[in-house]
Amino acid sequence: MHDKHPLADLLHGQEQQVWGDCACASQHELIRSKAPAATDCTNQRVRKGSATEELERLINRAKSLVRARVEHVFAVVKRLWGFEKVRYRGVAKNATRSFVALGLVMVE
């Protein structure tokens, strides 16, 4: 499943900002309908050869720096606690295992 497909299920309407990669660039209307007060901070696709190409790349780079700090936590969980490949044990067991691992990361 592609990253952009579960986006509608992830938004609850109380968001202030929505961050995502270029896969979510075409989801403006969905973000506006599900989270009307949220600022859309998703990376936008860059048109090669356009007059604003360099500016668009700089804006996307700044957004990616913010996302990288958040995603670092998940990289720690995946690498240190063996979540690179997760065997399906059921939703409840996998969720419990991931919540415990995330809790341990936050303590560090």
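The values are calculated or read from the model by the stated rules, or taken from the named source; none is laboratory data. All values derive from a computational prediction rather than experimental measurement. Neighbour counts are summed over all protein chains in view; Cβ atoms, including those assigned to glycine, are modelled from backbone coordinates with ideal geometry.
For region 85-108, taking the residues that are part of a helix (DSSP H, G or I) and over 26 Å from residue 18 (Cα atoms), the one that is modelled with the lowest pLDDT is identified as 97. When residue 82 is tested against (1) modelled with pLDDT under 80; (2) under 21 Å from residue 5 (Cα atoms); (3) outside any helix (DSSP H, G or I), exactly one condition is not met: (2). Considered as a group, the residues in region 8-27 that are under 18 Å from residue 64 (Cα atoms) and either in a helix (DSSP H, G or I) or of a type in the set (Ser, Thr, Tyr) (or both) include one that is farthest from the chain's Cα centre (by Cα), and that residue is 26. Within region 23-35, the set of residues being hydrophobic (A, V, I, L, M, F, W, C) and touching a helix residue (DSSP H, G or I) at 6+ places or on another chain (Cβ under 8 Å) comprises 24, 30, 31. The residues listed here are 51, 68; of these, the one that is of a type in the set (A, V, I, L, M, F, W, C) and part of a loop (DSSP other than H, G, I, E, B) is 51. Checking each residue in region 34-48 for being out of contact with any Cys (no Cβ under 6 Å at 6 or more places or on another chain) and part of a loop (DSSP other than H, G, I, E, B) picks out 35, 36, 37, 38, 44, 46, 47, 48. So the check is Cβ under 6 Å with 6+ separation or different chains; which pairs have a first residue in region 58-71 that's of a type outside the set (Val, Ile, Thr) and a second one that's modelled with pLDDT under 85? That search, which allows pairs on different chains as well, returns 63/41; 67/19.
Just one of the numbered conditions (1) in contact (Cβ under 8 Å) with a residue 12 or more places away in the chain; (2) among the hydrophobic types (A, V, I, L, M, F, W, C); (3) farther than 29 Å from residue 100 by Cα; (4) not in a helix (DSSP H, G or I) is not true of residue 31: (4).
Quickly run through region 14-28 and pick out the residues that are at pLDDT 85 or above and surrounded by fewer than 16 Cβ atoms within 10 Å (Cβ to Cβ). Passing the criteria: 14, 16, 17. Assessment of region 38-45 against the conditions (touching a Ser or Thr at 6+ places or on another chain (Cβ under 7 Å) and either exposed (fewer than 13 other Cβ atoms within 10 Å of the Cβ) or modelled with pLDDT of 85 or more (or both)) yields at least one matching residue.
Among the residues in region 60-73, are any among the aliphatic types (A, V, I, L, M), closer than 21 Å to residue 104 by Cα, modelled with pLDDT of 80 or more and surrounded by 11 or more Cβ atoms within 10 Å (Cβ to Cβ)? Yes: one or more hits.
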